[in-house]
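Here the structure comes first, spelled out in structure tokens, and everything after it is commentary.
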Amino acid sequence: MGKFFVTTPIYYVNDVPHIGHAYTTIAADVLARYHRLMGDDVFFLTGTDEHGQNIERIAREKGISEKEYCDLIVAQFKQLWQMLDMSNDYFVRTTDERHVVAVQKFARALLDSGDVYRGQYRGWYCPRCEAFFEAEELLSENLCPIHKRPCEWTEEDNYFFALSRYQDRLYHLIAETGFVRPEIRRNELLGVLREGLQDFSISRERVRWGVPLPDDPKQVLYVWVDALLNYITAIGYGDDQETFRRYWPANVQLMAKEIIRFHCLYWPAMLMAVGLPVPQMVFAHGWLTKDGQKLSKTTGNIIDPFDLVRRFGSDAVRYFFLREGAFGADWDYTDAAFIRRYNADLANDLGNLLNRTVQMVVRYFGGAVPAPAGAEEAVDRQLLDLASGLGAAIEHALDQVALQEVLVLAGNLVVEANKYVQLTTPWELAKARKGGDARAGERLATVLYNLVDVLRLLGYCLEPVMPRKAPELLAQLGLDPATRPNWTQGTTVGVYPAGTTVKPGQVLFPRYEVE
Ligand SMILES: [Zn+2]
């Protein structure tokens, strides 16, 4: 039992939420829900990044105020998180007064740290990235390598943070601790460190929509610095020391791989500068493609999370994105793969297992789950051994943020349980029992009890991924999903209360027929 603070990046409101945002946030939600089940004191944070020149520009184009524009986009993020059953404890916005005040406190501490100096910035600036580029990073004709639009040659007086002074400490943090996962991202950062770190400018003179520096209100804080600080302002930095101490440092900070430099170099160095501990782990997941092509709004190659939830339900979407590709790797999405996995894993393997088990309890025992009877057989032991190891195996996978592995483990138990039905042939046992075979009657009771008990354990272990369907599954087994056992009890085999009456219900995952 401990505390568990998990974060997503705060998402930039330059556009409506897309599948990348959903992917990271689903993963964070699943981690948060598992840790709550395990009895941890959990804080799950997400939110939106709303400052910067980009937002100024978009609002101006739309003829509304920056705040009005942000509110419109934020409403869509909140709607998607509701549709996807996100259980975040807080939603931080960088335009929140509380955030702004705390950011200024941090900026003051940073200015006092001795690691900030005034200097002149000259460089190529992409207003869309809100970032400066080295000349050699630009494409031909000074185009931004990301947006392929012209960068502007910019000269202005800024405040700089002496990142270069943190070279050795960051090298140690990244090379010798579990700070960055997965391994491929650690190697990438070590490469950056070997080239030597450059100081970076933490303020902007040309930007208006942001947090003014405490002593120099003509400068606003660089939007990335402002954004990174959400992880501490949201839990009380600067105004609620008790909550801040309770949750900081973060246990896991999740994000897509393109923003690890900010999170693994700038962020820990700034924390070190003001004497705060660094996060325990930064985990970067990979990129999705669709049909082998890069996702792009321009070409229309998109995966619409709103549409997927409407068609398949939140649980299926949450399941698919964590199960299909390894968390941390790049992988390809196809509609066909989604439908195949939905029908095979959910409708067929898990849904049918529940359905046929409940039906057999009704048919052979009038709906009351029998107590196991007679001697245990090897086939029983094989299933129960796998089931009783599931809880510990899930814990281990979660420590590694191996979310696909969690679902592979649960899926293996589903497959094993279906195999158990084939091997024990309860319908044959029922026939033999009818013919007066008492031994067959005992076997039938044991087999059905074991199936119900394994389904209970699966329902319990899958609830963080399927917060709607898992309680439905447990309800069909006659259990009250509201009375939750603790993790140890929930993952123990043989604790289903025999004699309980099952409650057959709707098909858990109706088969999806392709039109
Ligand atoms: Zn750009």
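The values are calculated or read from the model by the stated rules, or taken from the named source; none is laboratory data. All values derive from a computational prediction rather than experimental measurement. When we count neighbours, we look across all protein chains shown, and the Cβ atoms used for this are built from the backbone with ideal geometry, even at glycine.
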Fill in: One residue from Arg443, Arg433, Arg439, Arg468 being of a type in the set (Lys, Arg) and either modelled with pLDDT under 95 or closer than 21 Å to Ala347 by Cβ (or both)
Arg468
Response to the item:
Residue hits (segment 478-499; surrounded by fewer than 19 Cβ atoms within 10 Å (Cβ to Cβ) and within 24 Å of Asp349 (Cβ to Cβ)) are Pro481, Gly490, Thr492, Gly494, Val495
Discussion item. Please pick out the residue among Leu80, Leu110 that is at pLDDT 95 or above, more than 30 Å from Gln241 (Cα to Cα) and not basic (Lys, Arg).
Written reply: Leu80
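Looking at segment 152-174, which of its residues are within 16 Å of the ligand (Cβ to nearest atom) and either free of Cβ contacts under 8 Å to residues at least 40 places away in the same chain or crowded, with 19+ Cβ neighbours inside 10 Å (or both)?
From segment 152-174, those within 16 Å of the ligand (Cβ to nearest atom) are 152-154; that's our starting set.
Within segment 152-174, Glu152, Trp153 meet the criteria.
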Discussion item. Just the residues that are near the ligand (Cβ under 8 Å from one of its atoms), surrounded by 15 or more Cβ atoms within 10 Å (Cβ to Cβ) and in a loop (DSSP other than H, G, I, E, B), please, taken from segment 131-151.
Written reply: Cys144, Cys151
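Please specify each residue of segment 111-141 satisfying the condition of being among the charged types (D, E, K, R) and touching a residue at least 40 places away in the same chain (Cβ under 8 Å).
Initial filter on segment 111-141 (among the charged types (D, E, K, R)): 112, 115, 118, 122, 128, 130, 134, 136-137, 141.
Across segment 111-141, the qualifying residues are Asp115, Arg118, Arg128, Glu130.
Report yes if some residue within segment 44-56 is in a strand (DSSP E or B), out of contact with any Phe, Trp or Tyr (no Cβ under 7 Å at 6 or more places or on another chain) and at pLDDT 95 or above; otherwise report no.
To start, the set of residues in segment 44-56 that are in a strand (DSSP E or B) comprises 44-49.
Now restrict to residues that are out of contact with any Phe, Trp or Tyr (no Cβ under 7 Å at 6 or more places or on another chain): 44.
When the remaining residues are screened for being at pLDDT 95 or above, the result is 44.
Yes - at least one qualifying residue is present in segment 44-56.
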Worksheet entry | Residues satisfying the stated conditions in segment 221-258, i.e. modelled with pLDDT of 95 or more, of a type in the set (A, V, I, L, M) and either outside any helix (DSSP H, G or I) or closer than 20 Å to Glu130 by Cα (or both) | Leu221, Val225, Ala227, Leu228, Leu229, Ala234, Ile235, Ala250, Val252, Leu254, Met255, Ala256
Practice prompt. Would you be able to say whether some residue in segment 100-113 is farther than 19 Å from Phe262 by Cβ, of a type in the set (D, E, K, R) and within 16 Å of the ligand (Cβ to nearest atom)?
Written response: no
Discussion item. Just the residues that are of a type in the set (Asp, Glu) and buried (at least 18 other Cβ atoms within 10 Å of the Cβ), please, taken from segment 57-84.
Written reply: Glu66
Practice prompt. Hand me the list of helices (runs of 4 or more DSSP H) wholly inside segment 432-494 holding 1 or more residues that are within 21 Å of Val421 (Cα to Cα).
Written response: 438-462, 469-476
